[in-house]
Amino acid sequence: MVKSQKGFLLIDVLIAMVILGSAIMAMSYAYAQYVKEAAAAKNYNQAVYLAKSLLEDMKQYDGKSAIPLANYPTHQNKFNNNDTTFTVYQPVETDINSKLAAIKVKVTWNEANSQRQIEIVGYYYQP
């Protein structure tokens, strides 16, 4: 007389554990990548904000003969424990209009063993 088998075999349990372990490992890797990318996006957004705020501050000189760039020397700041440097370059006449000057702001920062940078150009009118 053969009884019907009830319950799980040891191999069934082992296979289920391997599948569950693989799924948990994949989810933890995806979460680690998400945290890394979120930190990179935060640093990028802060750099853009810094560059735009510098250019916005320079709008007060629109229509004046010169921008006193001595007020905007190269600075080194820290945000998010990263060394951050912003540089304001001399205004350059544009090809579009001789009375339109371009000002470039470059922000560099260190992130994950590499140096990243962003450059934003603003224009202002010079009589």
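The values are calculated or read from the model by the stated rules, or taken from the named source; none is laboratory data. The structure presented is a predicted model; accordingly, all values stated were derived computationally and were not measured. As a convention, Cβ positions derive from the backbone with ideal geometry for all residues, glycine included, and neighbour counts pool all protein chains shown.
What do you reckon, is A51 among the hydrophobic types (A, V, I, L, M, F, W, C), assigned to a helix (DSSP H, G or I), modelled with pLDDT of 70 or more and in contact with a strand residue (DSSP E or B) (Cβ under 9 Å, 6 or more places away or on another chain)?
Numbers: among the hydrophobic types (A, V, I, L, M, F, W, C): yes; assigned to a helix (DSSP H, G or I): yes; modelled with pLDDT of 70 or more: yes; in contact with a strand residue (DSSP E or B) (Cβ under 9 Å, 6 or more places away or on another chain): yes.
Judged against the criteria, A51 is a match.
Yes or no, residue by residue, for (1) loosely packed, with under 10 Cβ neighbours inside 10 Å; (2) at pLDDT 80 or above; (3) basic (K, R):
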| position | (1), (2), (3) |
| --- | --- |
| M1 | yes, no, no |
| S4 | yes, no, no |
| G7 | yes, no, no |
| I11 | yes, yes, no |
| L20 | no, yes, no |
| Y31 | no, yes, no |
| N43 | no, yes, no |
| A47 | no, yes, no |
| M58 | no, no, no |
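Just to verify a result, which residue in region 88-102, among those that are modelled with pLDDT under 70 and of a type in the set (S, T, Y), is nearest to A51 (Cα to Cα)? Restricting to residues being modelled with pLDDT under 70 and of a type in the set (S, T, Y), the top hit is Y89. Here L69 passes the criteria (1) surrounded by 10 or more Cβ atoms within 10 Å (Cβ to Cβ); (2) at pLDDT 85 or above except the one numbered (2).
Quick check, is A38 farther than 25 Å from K99 by Cβ, surrounded by 13 or more Cβ atoms within 10 Å (Cβ to Cβ) and at pLDDT 80 or above?
Working: farther than 25 Å from K99 by Cβ: yes; surrounded by 13 or more Cβ atoms within 10 Å (Cβ to Cβ): no; at pLDDT 80 or above: yes.
So A38 does not fit the description; no.
Considering each of A39, A16, A30, A47 in turn, give the residue that is in contact with a Lys or Arg (Cβ under 9 Å, 6 or more places away or on another chain) and either of a type in the set (A, V, I, L, M) or closer than 30 Å to G122 by Cβ (or both). Selected residue: A47, the only one of A39, A16, A30, A47 that is in contact with a Lys or Arg (Cβ under 9 Å, 6 or more places away or on another chain) and either of a type in the set (A, V, I, L, M) or closer than 30 Å to G122 by Cβ (or both). Has region 103-112 got any residue that is at pLDDT below 85 and exposed (fewer than 12 other Cβ atoms within 10 Å of the Cβ)? Within region 103-112, one or more residues are at pLDDT below 85 and exposed (fewer than 12 other Cβ atoms within 10 Å of the Cβ).
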